[in-house]
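Chemist: Sharing a structure here in structure tokens format.
Just so you know, all these numbers are worked out from the coordinates, no wet-lab data involved. Keep in mind it's a predicted model, so treat the numbers as computed, not measured. As a convention, Cβ positions derive from the backbone with ideal geometry for all residues, glycine included, and neighbour counts pool all protein chains shown.
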Amino acid sequence: MKVKILGAGSIGNHLAQAARRMGWQVAVVDNDVKALERMKSNIYPARYGLWDDTIELYEAGKEPKTGFDIIMIGTPPHIRMKLALESLMEKPKLLHLEKPLCTPFLEYINEFSQNLKNSETIVTVGYDHGVAESVEAVINYLKQNIIGNILTIDVEFREHWRGIFAAHPWLNGPRDSYLGFWRQGGGAGCEHSHALHLWQTFAEASGWQEINDIKAIFDLQKKGGADYDQLAAFLLKTRDNKIGRVVQDVITYPTKKWARLQGNHGFIEWICNSVPVGDVVRYQIEGQDLVERIFPKKRPDDFYRLMLHYQKLINGEIKPESSPLHFNKGLSIMNILHNTYPIETT
């Protein structure tokens, strides 16, 4: 399998290492030569112990344009969809677009969606938590109906972005990248939209209908040269009158990444990195003892699981439309953000 990755930043390193772990050939492209040098001499060896000499590095414009089975776009969201249009023309088997899919303004989305109708390429959005072993366990419990009918779902991704900038030491703070600007796909609403995606994933697994009513509030901040939402809260209602909640922020420390599904016969909780070795899922059926399971993992494992999922998609073991990472499911998250951010005032 041949993989091309656009973007040599933090996410590009994660994707490259995971693809190499699969034994795939990897080429990484960036328009900034310094970013390629930083990947080779700093980020990759610091994270994974040693630079992998089999990884090919290309300055943008000098890379091969055809012959790749998978193309992955890990650039900032405000430039992603234009590159996605170009990459779709290369006809890869699978095109991975990082999350958030784009900005809340949905640039190039209509054009891309039209082109996708005539393409055989599988397109995914990189909400990697959606294929975590722990999340798949929750989905299996829901399918088994172990806690009865699901009454409400709550998901929170509350993480101070000191952790994000620790992984991006070449940035001095929010204003140095898209992360500090909600219009470019940064801020709590877009950056931590994993929570919205997990809510959608769990709701679907619970048999709920699609979302048809949303109430949202954003704590917008203009400071330090940045313009972002430090907290985004959503109340979600489905067509079958199910109600739940999502909270995302860039101010909470220690981090809280958590979900709770309340049924009429018990509850299920998912906690990301709840213990030093990984994720925790616990559930209690009414009248029975609490059950707790630990799912060992480290951050690189999240992306390895992503690659395993992609291999199954390409091999036909998973139907694209049934994947939690399917393009349409990532697009629905962006539609929520498009309809709730104060776009009309900008």
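Chemist: Explain nothing, just compute: Karplus ³J(HN,Hα) = 6.51 cos²θ - 1.76 cosθ + 1.60, θ = phi - 60°, for every residue of the stretch 176-188 in order, whole Hz, x for Gly and Pro.
Modeler: 7, 8, 4, 4, x, 9, 5, 5, 9, x, x, x, 5
Chemist: Further question on the same structure: Note the full-extension length gain between Val291 and Tyr58 as 0.36 nm times their separation in residues minus their Cα-Cα distance, in nm to one decimal. Could the numbers behind the result be given before it?
Modeler: Values: separation 233, 0.36 × 233 = 83.88 nm, distance 4.95 nm.
Computed gain between Val291 and Tyr58 is 78.9 nm.
Chemist: Hey, got the dipole for the chain? About the Cα centre, +1 on K and R Cβ, -1 on D and E Cβ, debye to the nearest 20? Each step should come with its number before you reach the end.
Modeler: On the way: 40 positive and 41 negative charges, 42 e Å.
Roughly 200 debye for the chain.
Chemist: In a solvent-free Debye calculation with one equal scatterer on each Cα, what is log10 I(q)/I(0) for the stretch 109-172 at q = 0.15, 0.16, 0.27 Å⁻¹, listed in the order of the q values?
Modeler: Reported log10 I(q)/I(0), two decimals: -0.89, -0.93, -1.15.
Chemist: May I pose another question? Which residues' amide hydrogens lie under 5 Å from the amide hydrogen of Glu90, considering only partners 5 or more residues apart or on another chain, with H built in the peptide plane?
Modeler: Amide H neighbours of Glu90, under 5 Å, 5+ apart: none.
Chemist: What nm value, rounded to one decimal, do you get for the distance between Arg175 and Tyr253 when each label is placed 7 Å out toward the C-beta?
Modeler: 2.0 nm
Chemist: Roughly how many Å is it from the Cα centre of the stretch 41-85 to that of the stretch 100-122, as a whole number?
Modeler: The stretch 41-85 and the stretch 100-122 have Cα centres separated by 20 Å.
Chemist: Hey, quick one: spin label on Ser113, modelled 7 Å out along Cα-Cβ, who in the stretch 70-93 has an amide N within reach, i.e. under 20 Å?
Modeler: The answer is 77-89.
Chemist: Is there a quick way to get the dipole size of the stretch 133-296? I mean about its Cα centre, with the Cβ of Lys and Arg at +1 and of Asp and Glu at -1; what is the value in debye to the nearest 20?
Modeler: Values: 17 positive and 20 negative charges, 77 e Å.
So the dipole magnitude of the stretch 133-296 works out to roughly 380 debye.
Chemist: Another question, then. List the chymotrypsin sites (Phe, Trp or Tyr not before Pro) within the stretch 42-89 that fall in a DSSP loop (any state other than H, G, I, E or B) and whose Cβ has at most 16 other Cβ atoms within 10 Å.
Modeler: Working: sites: Tyr48, Trp51, Tyr58, Phe68; in loops: Trp51, Phe68.
Here the sparse-neighbourhood loop sites are Trp51.
Chemist: Under 20 Å Cα to Cα from Lys82, which lysines show up? Leave out anything in the same chain fewer than 8 places away.
Modeler: Within the straight-line limit of under 20 Å, Lys82 reaches these lysines: Lys4, Lys62, Lys65, Lys91, Lys93, Lys99, Lys117, Lys329.
Chemist: Another one. Please arrange Glu191, Glu56 by counting, for each residue, the other beta carbons lying within 10 Å of its beta carbon, fewest first.
Modeler: Values: Glu191 26, Glu56 13.
Ordered by Cβ neighbours within 10 Å, fewest first: Glu56, Glu191.
Chemist: Read phi for every residue in the stretch 246-260 and hand back ³J(HN,Hα) as whole Hz from Karplus 6.51 cos²θ - 1.76 cosθ + 1.60, θ = phi - 60°, with x for Gly and Pro.
Modeler: 9, 10, 9, 8, 10, 10, 7, 8, x, 4, 10, 10, 8, 9, 9
Chemist: Another one. Test of understanding: what is the full-extension gain from Leu50 to Met89, defined as 0.36 nm times their sequence separation minus their Cα-Cα distance? Don't skip to the answer; put the middle values down first.
Modeler: Values: separation 39, 0.36 × 39 = 14.04 nm, distance 3.43 nm.
Taking 0.36 nm per residue and subtracting the Cα distance, the gain is 10.6 nm.
Chemist: Next question. Add +1 for every Lys or Arg and -1 for every Asp or Glu among the other residues with Cβ under 10 Å from the Cβ of Asp229, and state the total. Don't jump to the answer; show the numbers that get you there.
Modeler: Details: positive: none; negative: Glu191, Asp219, Asp227, Asp249.
That works out to -4.
Chemist: Within the stretch 260-274, find all residues whose amide N lies under 15 Å from a label point positioned 7 Å from the Cα of Asn145 along Cα-to-beta-carbon.
Modeler: Answer for the stretch 260-274: 263-266.
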